[in-house]
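Have a look at the structure below before the remarks.
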Amino acid sequence: MTDHLILIVDDDIDVRTMLCALLSAEGYNVLGASDGVEALDCMRVVDPPALVFVDLMMPRMDGEHLIRAMKQSPELARIPIVVMSGHTVAGGAARPAASAFLKKPFELDSLLTVVHELAG
Amino acid sequence: MHSDQAEQGTSAYLRLVFKQVPGVVWATDRELRLTYVLGRTQTIDEEASAELVGRTVPDFVGSRDPSEPAVAHHLAALAGGRQSFDYVLHDHIFAVLIEPLRDEAGEIVGTVGAALDVTDRLQSREQLARSEARLAEAQRMARIGSFEWDIATDTVTWSDELRRIYGFANGESGGTLDAFLRKLHPGDRARVRLALFDASRHPGPFGCEHRLVRPEGETRVLQITGDVAVDKTGVPVRVVASCWDITAQRQTTERLEQSLSLLRATLDSTADGILVVDRDGRVAAYNQRFLTLWRVPPTLAERGQDREMLTHVSDQLEDPRAFLDGVRELYTTPEREALDVLHFRDGRTFERFSMPRIVEGEPVGRVWSFRDVTRREQLLRRTTFLADAARLLSTLDVNKAVSGVAELCVPYLGESCAIDLIHDGAPRRIMVAGDPGEKARVPELHPAALSGHSVIYSVGTKSHMVVPLMCRNAVIGAITFVAPRTRQYTNVDLELSDALARRISLSIDNARLYQAAHDALKVRDEFLSIAAHELRGPLTSLHLAVQGLLHGALPPAAARTALDVIQREDRRLARFVDDLLDLGRIRTGQLHFHLEEVDLGTVLRDVVSRHAAEAAQSGSKVTVTSEGDLAGQWDRSRLEQVVTNLLSNAIKYGEGQPIEISATESAGHVTLKVSDRGIGIPSDMLDRIFDPYQRAVDVRHYGGLGLGLHIVKVIVEALGGRIRVDSRPAEGATFSVDLPKSRSVV
């Protein structure tokens, strides 16, 4: 596990952009993926990240499927996951597997608290 | 001697005469001394009369009074007068003739007399008078008058009673026939005259009636009966007639006829069939309605045997045995009343009421009355049927409702019943009720139903009926009935089926409206949920960008990125709001256009350039080709909206593959094509993709309000153009927009 690498999976380019900018400024290495397929591809070629932010609603492979795939993978199963969603009730199946939940739109403070707690 | 012999000869001859007829001849001298007596009477025999010779007439009558009739007449005869008179002696009446007796010189020397006992003849005359009086009395008591018309003398004579009956004046006696006829009612004179003349020409009994106005003004009716008397040669000589007053009988008869006519009219005008029988089952009376109701031939009714009629009628009933048993029981209990209902094989229903005829406390027969309550029963059954149907239809489950009603229709409306509903423009049979064998025989839907008409028709020998199910002037289906062989559908059945069809249609419409409302609510809720989600993406980016800037959490290079994000999200939100507003305008028909000269090529370049970053991010390369003059009369911002939405979709679903945009001109039209090579559209979605809120993909994978293509289609059509899509799953999609270069916007 590489310290300080954070993967952001969201199909909204602006959300990815802002999270990248803010977390980079905090000293993390940040990678972005626009859907579950891209995220898995990414984690196959780089070292497992310290933390993964997952949006639930995405094309090709949504957040729920991505989380399930990660939990079934021995290398990825232990990586903490932060679920980001507009729906408080959505991702019901994925939620127990998540280490934290951020309800969109969330505050900068909430983001940083979660990141510091889970990624150090 | 010669003279003695002659005298003796005469005496012998007279004796013979007087043996036959009681009578006496005598002669006297001037002193009235009897000189000759011959003959006999009741009290004087022949010998005694001979002994009277020598005695005087006063001696004989026992009176010397010259005014004593016998004496007086003798004296008058002596004076020369011929005397003829009746004389009573010893209770006998004699017709007496006395003449003077003259000698050869003509001197009166005495008298000769002859007396004949006419007692018997006078008694006959009295008897005649008495019997005439008795006849008059009898006529008076019987109020029978009589008259005679002597044809030869044209004289009419009448009896006292006739005078009283006719009101003739006392002492008024007969006259000519015309005078008599003038006393009759003017309207009847000719008739009576004819009857009398007829009788006089053709002797024989005759009769006629005539009216008479009595002097006090009262009109009476009289009956004349008579006969004609003829002489020895057969020539009519007299018409003899009796007449009596029949006014009272006539009035009684009229009253009787009136009450009979009233009874008959009452019987015949009642809506019920009436049959009256006596205790032995003989028909006493019936009305026409009875014959009609029971279809009894008049000849059968005339024969008058109830039992004969019972056989005839019982064959028409559903249960003849129960009917006959019931009748038999009522005949054995003559005092009972009964009310029951009779069901006919042909579907009619009668109510039968029976009550005894009572005369002086004893039942003498029975009155049956029958009322046809078929229509009432039908209405009752129809109401019950429709109420049951309404109950079954009070559900939002169309299939359940329709199945229940179809089952209810069998066997009440037919031996089988099928319901078709229109799906995608064609009828589809969704329910058939009836015996398994019959179900298969329900024919395909009659085409009349599809044009909204109810019809009765035949297939083979069976009667069929079809009624359309109509909703707001549109045919949504139909219901078909097949009758059992014994039944022919009528307009009554058609009316009921129409009523049923209206209820079914209403129920289906109701269920569909409910479903539509339900679906609309679901779509709205989904839309709200998606809209909320769509807002959260931009809001999250905005939040983070703004807070990053405010808290100085971003290095200078990242600060620039944050500002770019803020600008992009601002535009996204603005477009989002525009889409929502457009949807509202489309719904209310208030989407407005400002036509101006617009060049499509310019619009394409602007929009593509505005989306360059987005396209680059997705990995799709966008190429634009154009050909010809692409300028037209359009609304610039709306045209930009069309291109933007199509390009956004291509980027969103293009999977990073190349996107090609082309615009070509031909014959006053321009054609715009936007093609991607992305995920494509499933074939079942192609029709709906332009409807609001529709998306070909799972909302979990792709966001968006699902309004883009709907708005595009509305704009394109408002500009007089058309849009279509060609696509297959995983092979991308090509949207083609064909726009006239100028058109007055609808």
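None of the figures in this text is laboratory data; all of them are computed from the coordinates on show. Predicted model only: the values in this text are computed from it and were never measured. Heads up, the Cβs are rebuilt from the backbone with ideal geometry, glycines too, and the neighbour counts pull from every protein chain shown.
Phi angles across segment B:61-78 convert, under the Karplus curve 6.51 cos²θ - 1.76 cosθ + 1.60 with θ = phi - 60°, into 3J(HN,Hα) values of 8, x, 7, 9, 5, x, 8, 4, x, 5, 5, 4, 5, 4, 4, 5, 5, 4 Hz, Gly and Pro given as x. When chain A is treated as a Gaussian network with alpha carbon springs shorter than 10 Å, the biggest mean-square fluctuation among A:I79, A:I67, A:I13 belongs to A:I13. Among the listed pairs A:K71/B:K652; B:K19/B:K232; B:K673/B:K741; A:K104/B:K652; B:K652/B:K713, a Cα-Cα separation exceeding 23 Å is found for A:K71/B:K652; B:K19/B:K232. Full extension of the segment from B:R214 to B:H202, taken as 0.36 nm per residue of separation minus the current Cα-Cα distance, would add 1.2 nm.
Against the main long axis of the alpha-carbon atoms of chain B, helix B:374-393 sits at an angle near 10°.
If the segment from B:R587 to B:S259 were pulled out straight at 0.36 nm per residue, it would be longer than the present Cα-Cα gap by 109.8 nm. Round to the nearest 0.05 the FRET efficiency obtained for B:D120 and B:K183 when R0 = 51 Å and r is the Cβ-Cβ distance. About 0.75, to the nearest 0.05. Under the combined filter of DSSP loop state and at most 16 neighbouring Cβ atoms within 10 Å, segment B:125-177 retains these trypsin sites (Lys or Arg not before Pro): B:R143.
With a Förster radius of 22 Å applied to the C-beta separation of A:E26 and A:S99, the computed FRET efficiency comes to 0.75. Projected label points at B:D315 and B:V53, each 7 Å from Cα along the beta carbon direction, are separated by 11.2 nanometres.
Hey, how much of the P(r) for chain A falls beyond 18 Å, as a percent of Cα pairs?
Numbers: 3101 of 7140 pairs.
Of all Cα-Cα pairs in chain A, 43 percent lie more than 18 Å apart.
Put simply, the amide H of A:V9, placed in the peptide plane, has neighbours under 5 Å in A:A33, A:F53, A:V54, A:D55, leaving out anything fewer than 5 places away on its chain. Of interest is the spacing of the C-alpha centroids, which for segment B:97-123 and segment B:250-298 amounts to 85 Å. Per residue, the convex hull around the alpha carbon atoms of segment B:105-214 comes to 215 Å³.
Shape index of segment A:1-64: Rg/Rh, with Rg the Cα radius of gyration and Rh the Kirkwood radius from the inverse mean 1/r over Cα pairs, equals 0.95. Mean separation of Cα pairs under 8 Å and 6 or more residues apart, divided by the residue count, gives chain B a relative contact order of 5 percent.
Pairwise Cα separations in chain B fall into 20 Å bins from 0 onward with the following percentages, short to long: 11, 16, 17, 12, 12, 9, 9, 5, 5, 4, 1, 0. Placing pseudo-labels 7 Å out from each Cα toward the beta carbon at B:T461 and B:R512 gives an inter-label distance of 4.0 nm. Rounded to 0.05, the FRET efficiency of the B:I358 and B:R140 pair, given R0 = 56 Å and the Cβ-Cβ distance, is 0.80.
Fully extending the segment from B:D280 to B:D91, taken as 0.36 nm per residue of separation minus the present Cα-Cα distance, adds 60.8 nm. Amide H contacts of B:T56: B:L34, each under 5 Å away and 5 or more positions distant or on a separate chain (H built 1.01 Å from N in the peptide plane; Pro and chain starts excluded). Between the helical axis of B:320-332 and the longest alpha-carbon principal axis of chain B there is an angle of about 40 degrees. In order along segment B:527-532, the phi-based Karplus estimate (6.51 cos²θ - 1.76 cosθ + 1.60, θ = phi - 60°) of 3J(HN,Hα) comes to 4, 4, 5, 5, 4, 4 Hz; Gly and Pro are listed as x. A simple rule links phi to the HN-Hα coupling: the Karplus curve 6.51 cos²θ - 1.76 cosθ + 1.60 with θ = phi - 60°, which for segment B:599-614 gives 9, 4, x, 4, 4, 4, 4, 4, 5, 4, 5, 5, 9, 4, 5, 4 Hz, with x for Gly and Pro.
Could you give the angle, 0 to 90 degrees to the nearest 10, between helix B:398-412's Cα long axis and the longest principal axis of the Cα atoms of chain B? Relative to chain B, helix B:398-412 is tipped by roughly 20 degrees.
A cysteine counts as unpartnered when no other cysteine's C-beta lies under 4.7 Å of its own; in chain B this applies to B:C208, B:C243, B:C471. The label-point distance for B:L339 and B:T176, in a model that sets each label 7 Å from Cα toward Cβ, rounds to 7.5 nm. The radius of gyration of the Cα set in the protein assembly as shown, together with its Dmax, comes out at 69.5, 226 angstrom.
Taking amide H positions as modeled 1.01 Å from N, with prolines and chain starts lacking one, the residues under 5 Å from A:L102 and 5 or more places away or on another chain are A:V83, A:M84, A:S85.
Using DSSP to define loop residues, name the trypsin sites (Lys or Arg not before Pro) in segment B:484-544 whose beta-carbon has at most 16 other beta-carbon atoms within 10 Å.
B:R485
Counting partner chain Cβ atoms within 10 Å of every residue's Cβ in B:573-585, what's the average?
Values: counts 0, 0, 0, 0, 0, 0, 0, 0, 0, 0, 0, 0, 0.
Mean inter-chain Cβ contacts per residue within 10 Å come to 0.
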